[in-house]
Amino acid sequence: MYCNSSHKKEDSETPIAATKPNVIVIYLDDLGYGDLSSYDATELETPNIDALANGGIKFTNAYASSATCTPSRYALLTGVYPWRNKKAKILPGTAPLLIDTLQITLPKLFKKEGYDTAIIGKWHLGLGTGIIDWNEHISPGPNEVGFDESYILAATQDRVPTVYIQNGNVVGLDKNDPIEVDYFKNFENEPTAISHPEMLTMKWHHGHNNSIVNGIPRIGFMKGGDSAKWSDVDMADHFLEKAQAYVKAHKDNPFFLYYAMQQPHVPRTPHPRFEGKSGMGPRGDVILEADWCIGEFVKTLETEGLLENTLIIFSSDNGPVLNDGYYDDAVEKLGNHDPAGGLRGGKYSIFEAGTRVPFITYWKGTIEPAVSDAIVCQMDLLASLASLLNTEVKNTDSKDLLDPLLGNSEKGRDHLILEATGKTALRSGDWIYIPVYEGRNFREAVGIEVGNLPDEQLYNVVDDAGQKENLAQSNPEKLQEMKQLFETLRGKDYNNGVKEVIFQ
Ligand code: NG6
Ligand code: CA
């Protein structure tokens, strides 16, 4: 078992690599609470992620900070609640950098302690300061908020520009074929999903009808940059190779790696090796692909002799969605699989499936296998990992939960504010309180209940994980207590600026 005091001892005789563990955050995109066999999925086998869950701590009450990507990633890296920053919403590919370059971040924390730091994978936190010239060095971005090295996709796999960016430079760009990007209007004579449907290999269902890249219609318009365009089916292998190369190159110095995988977000483009493997269509196939990548990645850590000196944290940025804008059989071939694992709602939802996600900590030889019901949030990694490094961070919402994360305690947070497309709710102890929100509850396009109901909602999610029984009427004392705490933590103007979300 991990000895609570030993990691805090500084021994000047011991080389830095022996005292400072590497830390790797493996972050999936839109993976649901019920999408892994270690989290009780019966229709999908995810043996490699299961090995982490079963050999480490599997958290059952862990939350992303938001039910969408950008706000969750913002909180993960800054330790600040996303609803404190009004701009922390799903960003277009042209959005400016969301994180203040003066703000403390996870990678900055590690850098200060002498670590090498890198992000490989999805960024989606904005780049530049307003107008980006994709043909020049793009800054500020990940490298300006603490990452020594970055190899990213700017926004999402379904958004332009569909190119990789390494340390601020588009990879493989031919300066004679410059890239232009616009989210409002198309470039003259450039084909779109509307003008050239015959060019499509994947059909759009809602949104996703702008520029076509690799036969896939995207969000946003892009021109040029042909030699730099990524291959969708090779993306998983590509990021894996980068992540493997990174750990090999940095094994002699402690490192912090944020490996932000793109699966199972749309467009789901499994490598042909995984096509048809799940029987569930591309969504299932890319989950198997992600699981394979993680297996290969962990093998590399093992071969390089790093596993016993590396804390691996696995999670997902928000809950699951089946139809997120393309016809890709996710609904039709679902069978008996329940991506939400019995929770209500999904991505975009203030109900549990929006934010409650798989969360695993694994550290060979240090963390003993366990299942933990402690309430933890990804936003807490900042303070917790600061504690691991024997330092601290101030003025954030992040809580030091190192003890539960390492299995030294079952005590997590007392309470947490959850967020979903501008709406917020309170989890406190076994209870969830959701205030009244206007607007439609069921979103046909994505087939998800987002949580807008005309009455206040109160659930005991320990007794009723599926949030089937609203106890607001039958338990007025608890309702009052929760409401008061919610308004104290969140402020009375919590309903300001919460608008009907347009799914684009
Ligand atoms: C939505 C997109 C969805 C997805 C999401 C971001 C439409 C109609 N829907 O606006 O497909 O890209 O944004 O997902 O365009 S996230 O996981 O990065 O938050
Ligand atoms: Ca996401």
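Quick notes on this structure:
- Check: segment 393-504 dipole with +1 on Lys, Arg Cβ and -1 on Asp, Glu Cβ, in debye: 340 debye
- Counting only protein heavy atoms and a probe of 1.4 Å, the accessible surface of the chain is 48% carbon and sulfur.
- Loop-located trypsin sites (Lys or Arg not before Pro) in segment 352-410 (DSSP state not H, G, I, E or B) with no more than 14 neighbouring Cβ atoms inside 10 Å: Lys394.
- Here the peptides 474-483, 287-296 are ranked by packing, the mean other Cβ count within 10 Å, and the order with the highest first is 287-296, 474-483.
- FRET efficiency, Leu471 to Glu144 (Cβ-Cβ, R0 41 Å, nearest 0.05): 0.30
- Point-to-point label distance, Asp40-Phe187, nm (Cα→Cβ direction, 7 Å offset): 5.0 nm
- FRET efficiency, Lys112 to Glu296 (Cβ-Cβ, R0 41 Å, nearest 0.05): 0.85
- Note on segment 421-490: percent of Cα-Cα distances in each 10 Å bin, starting at 0 and stopping at the bin with the largest distance, equals 20, 52, 25, 3.
- Between Glu487 and Ala370, the contour length at 0.36 nm per residue exceeds the Cα-Cα span by 38.6 nm.
- Label-point gap, in nm, between Glu444 and Leu200 - each point 7 angstrom along Cα→Cβ: 1.8 nm
- Per-pair calculated FRET efficiency, R0 = 45 Å: Glu456 and Glu308 via Cβ, rounded to 0.05: 0.35
- Under 16 Å from a label point set 7 Å out along the Cα-to-Cβ vector of Asn495, the amide N atoms of segment 435-474 belong to 435-441, 451-458.
- The residues of segment 98-223 expose on average 41 square angstrom of accessible surface per residue, using a 1.4 Å probe on protein heavy atoms.
- Charge dipole (the chain, unit charges on Cβ, about Cα centre) - positive-most of Ser37, Asn189, Pro92: Pro92
- The string of couplings for segment 453-462 from the Karplus curve (6.51, -1.76, 1.60, θ = phi - 60°) is 9, x, 10, 5, 10, 9, 10, 9, 7, 7 Hz, one whole number per residue in order, with x for Gly and Pro.
- Projected label distance in nm at Asn395 and Glu332, using a 7 Å step from Cα toward the beta-carbon: 5.4 nm
The values are calculated or read from the model by the stated rules, or taken from the named source; none is laboratory data. Since we're looking at a predicted model, the values are computed, not measured. In this analysis, Cβ positions are derived from the backbone assuming ideal geometry, glycine residues included, and neighbour counts consider all displayed protein chains. We work out accessible area using only protein heavy atoms, side chains counted, and drop any ligands, DNA or RNA first. Shrake-Rupley method; radii C 1.70, N 1.55, O 1.52, S 1.80 Å.
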